[in-house]
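*Asks:* Dumping the structure here so I can ask a few things about it.
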Amino acid sequence: IATQRRIASSASANISLIKNTNINLSYNNFSTDVVAIQDVFYDSIRLTQVNETGTAAINYSIGKEVKQTINLNTTYQESGGNKQASSAVFMLNPSYSLQFTKQNIGFTVAGSYNTNAFSGNHTVNFGPTVGVNTTFFKKKCKVGSNFSYQNSTTNDVLSNRNYAIASFINYSIT
């Protein structure tokens with residue numbers, strides 16, 4: 001026999017105080033607490049888990065024929081409990097895109113930085129992404145490709161180098 005209590009909460013805000021700028025802030029919390037009642041056959045157990053996440057994103061966009069967009073997304077998360085090691089994750093992802101609407105071509109440059117601290121270890125992943133896209137069929141079809149490069153370190157020692165090429169096709173029927 002056990003008792004269990006779960007609490008989940010979240011809050012978010014979307015703010016547009018400055019022309020062409022959007023800000024999104026959010027917070028999420030999840031916790032659970034389980035207490036097993038001791039009897040003749042089982043030991044008593046108390047399990048507690050907590051996960052908290054905060055996110056902030058800002059987007060600034062200008063132009064019509066030459067559209068420029070700057071994005072910055074960041075997330076911080078902590079999790080832990082009495083029966084597990086705690087961890088902390090931080091992510092930072094800036095990007096810049098340039099879209100030439102008359103020529104139907106666009107370019108993107110982005111970066112990625114992620115760090116995770118857990119059980120005495122520390123991992124970091126970081127690197128750039130570049131992309132190109134174009135539209136055709138009266139802008140109903142959009143195709144593009146992105147190239148990413150990521151370095152990964154564990155406890156300040158290079159552990160991986162990753163390269164990725166991703167292509168996409170989007171078609172709108174509206």
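Nothing in this text is a laboratory measurement; each read-out follows from the coordinates by a stated rule. The shown structure was predicted, so the numbers you read here are calculated from the model rather than taken from an experiment. Note that we place each Cβ from the backbone using ideal geometry, even for glycine, and neighbour counts take in every protein chain shown.
*Asks:* For region 102-158, what relative contact order do you get, as a whole percent, if you take Cα pairs closer than 8 Å and at least 6 residues apart? Before the final figure, lay out the partial values.
*Replies:* Numbers: 104 pairs, mean separation 19.4, N = 57.
RCO, region 102-158: 34 percent.
*Asks:* Please go through region 127-167 and write out the chymotrypsin sites (Phe, Trp or Tyr not before Pro) that DSSP classes as loop and that have at most 13 other C-beta atoms within 10 Å.
*Replies:* Values: sites: PHE136, PHE137, PHE147, TYR149, TYR163; in loops: PHE137.
Filter output for region 127-167: PHE137.
*Asks:* Any idea how far the Cα center of region 85-110 sits from the one of region 117-172, in Å?
*Replies:* The distance from the Cα centre of region 85-110 to that of region 117-172 comes to 10 Å.
*Asks:* Report the relative contact order of region 72-140, percent, no decimals, based on alpha-carbon pairs under 8 angstrom and at least 6 residues apart.
*Replies:* 26
*Asks:* Using a cut-off of 12 Å between beta-carbons, work out the net charge of the residues near GLN99 (Lys and Arg +1, Asp and Glu -1, GLN99 not included).
*Replies:* With Lys, Arg at +1 and Asp, Glu at -1, the net is +4.
*Asks:* Contour minus end-to-end for ILE62 and PHE100, with contour as 0.36 nm per residue of separation and end-to-end as the Cα-Cα distance?
*Replies:* Details: separation 38, 0.36 × 38 = 13.68 nm, distance 1.21 nm.
Length gained between ILE62 and PHE100: 12.5 nm.
*Asks:* What does the charge count around TYR171 come to, taking other residues whose C-beta lies under 12 Å from its C-beta (Lys +1, Arg +1, Asp -1, Glu -1)?
*Replies:* +4
*Asks:* List the lysines whose Cα sits under 29 Å from the Cα of LYS64, skipping any in the same chain fewer than 8 residues away.
*Replies:* LYS19, LYS102, LYS138, LYS139, LYS140, LYS142
*Asks:* Over the chain, what is the mean sequence separation of C-alpha contacts under 8 Å (at least six apart), divided by residue count, expressed as relative contact order in percent?
*Replies:* Normalised by residue count, the contact order of the chain is 12 percent.
*Asks:* While we're here: May I ask for the net charge around PHE126, where only other residues with Cβ less than 15 Å from the Cβ of PHE126 are counted and Lys, Arg are +1 while Asp, Glu are -1?
*Replies:* 0
*Asks:* Which one is right for this structure if Cα Rg over 2.2 N^0.38 Å is calculated from it: (1) 1.24; (2) 1.44; (3) 1.19?
*Replies:* The value matching this structure is (2).
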